Amino acid sequence: MRQHDMHNGRIVLISGRRSFYSVFSVLPYQDCSQAGDIRAEGRQRHPSGGVSAKEMVIGLEGVELGADGKTVSYTQFLYPTNVLGGRRNTIDSTSSFSQSRNASHRSLSLGRANSNQSSLDTGNDFGDFREYDPNLLDDPQWPCGKHKRVLIFPSYMTTVIEYVKPFDLKKDMNETFKEKFPHIRLTLSKIRSLKREIKKLAQNECGYEEPTVAMAFVYFEKLVLQGKLNKQNRKLCAGACVLLAAKIGGDLKKHEVKLLIDKLEERFRVNRRELIAFEFPVLVALEFNLHLPEHEIMPHYRRLLQTS
């Protein structure tokens with residue numbers, strides 16, 4: 001092995017019967033502090049809206065990156081695998097991982113709630129929003145607000161919604177949403193507007209299928225419900241969610257990724273360098289959990305089919 005140059009290449013291992021069983025690459029060691037300084041300088045040269053990308057990355061609450069020479073491990077978000085072990089070992093390791101991950105979720109939720117209680121004055125624990133509900137933000141009762149009356153009769157129940165001006169209805173809906181979710185710093189109308197932009201770009205301009213758009217919706221809503229979005233990073237988060245969903249939902253080539261980034265830059269009016277730099281913080285905020293269960297995707301998928 002020493003006589004071969006292992007840098008900038010891949011090493012393929014085969015068995016005595018010429019059967020492939022492993023491939024890996026060797027990367028040269030680089031000091032984390034130097035890499036962090038280089039990335040920070042590169043982002044500071046391209047400010048957006050008076051706020052640099054570095055400030056936006058730090059502003060993504062609950063996401064800790066290896067800045068200033070600090071090394072951060074994300075092993076608690078990864079599933080352990082043992083390709084040489086049996087089925088029992090895999091089941092045991094998966095169950096023990098799920099228990100430790102739930103414990104880390106509880107501690108992380110309590111930490112976020114304690115650290116933000118004074119600034120946000122929520123009065124609620126973020127752990128209440130850890131379980132994602134795909135129907136929460138698309139609940140049809142939100143636009144009704146306070147302008148509805150429920151009539152209950154012996155054999156049936158009906159709802160009467162009085163006419164309200166669209167501006168007043170929108171204002172009332174946002175106030176009701178803010179009362180229920182005080183830790184979310186975006187209004188419900190702005191959240192739904194960003195979702196419409198995601199749909200227009202992904203489905204109409206890029207031609208992605210409904211499951212891919214539904215995955216982008218789930219990523220985006222999880223960030224919203226965790227209170228990680230604000231006025232400065234909302235478009236970068238939306239663009240990063242579309243980029244991650246497109247990579248997971250389809251086998252994109254290099255030129256297709258470049259084309260998608262160009263359209264995201266044009267649609268959301270963000271800098272491409274900031275968008276690419278924001279992809280990893282969003283991935284960490286989602287805890288590397290990009291493969292979604294069916295019950296999280298299907299509600300969005302059905303609504304997309306109904307509106308298309």
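The values are calculated or read from the model by the stated rules, or taken from the named source; none is laboratory data. Since the model is a prediction, treat every value here as computed from it, not as a measurement. Note: ideal-geometry Cβ built from the backbone for every residue, glycine included; neighbour counts use all protein chains shown. Please note that ligands, DNA and RNA were not included when accessible areas were found on the heavy atoms of the full protein model with its side chains. Shrake-Rupley method; radii C 1.70, N 1.55, O 1.52, S 1.80 Å.
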Within the stretch 231-260, restricting attention to residues that are in contact (Cβ under 8 Å) with a residue 60 or more places away in the chain and either open to solvent by 10 Å² or more (accessible area, probe 1.4 Å) or outside any helix (DSSP H, G or I) (or both), which residue is nearest to residue 201 (Cα to Cα)? 233
Taking residue 208, is it at pLDDT 95 or above and not assigned by the TED database to the domain that holds residue 174? no
Within the stretch 204-215, count every residue that is closer than 15 Å to residue 307 by Cβ and open to solvent by less than 30 Å² (accessible area, probe 1.4 Å). 2
Could you tell me whether the stretch 261-272 includes any residue that is crowded, with 18+ Cβ neighbours inside 10 Å and over 18 Å from residue 201 (Cα atoms)? no
Subset of the stretch 233-265 [modelled with pLDDT of 90 or more and over 15 Å from residue 208 (Cα atoms)]: 233, 234, 235, 236, 237, 238, 240, 255, 258, 262, 265
Return the pair list, or none, for Cβ contacts closer than 9 Å from residues in the stretch 283-308 that are of a type in the set (A, V, I, L, M) to residues that are open to solvent by 60 Å² or more (accessible area, probe 1.4 Å), at least 6 apart or on different chains. 284/64; 290/247; 290/248; 292/248
Scan 280, 288 and give me the residue that is among the aromatic types (Phe, Trp, Tyr), open to solvent by 50 Å² or more (accessible area, probe 1.4 Å) and not in a helix (DSSP H, G or I). 288
Those residues of the stretch 179-191 which are within 16 Å of residue 233 (Cα to Cα) and open to solvent by 50 Å² or more (accessible area, probe 1.4 Å) amount to 185, 187, 190
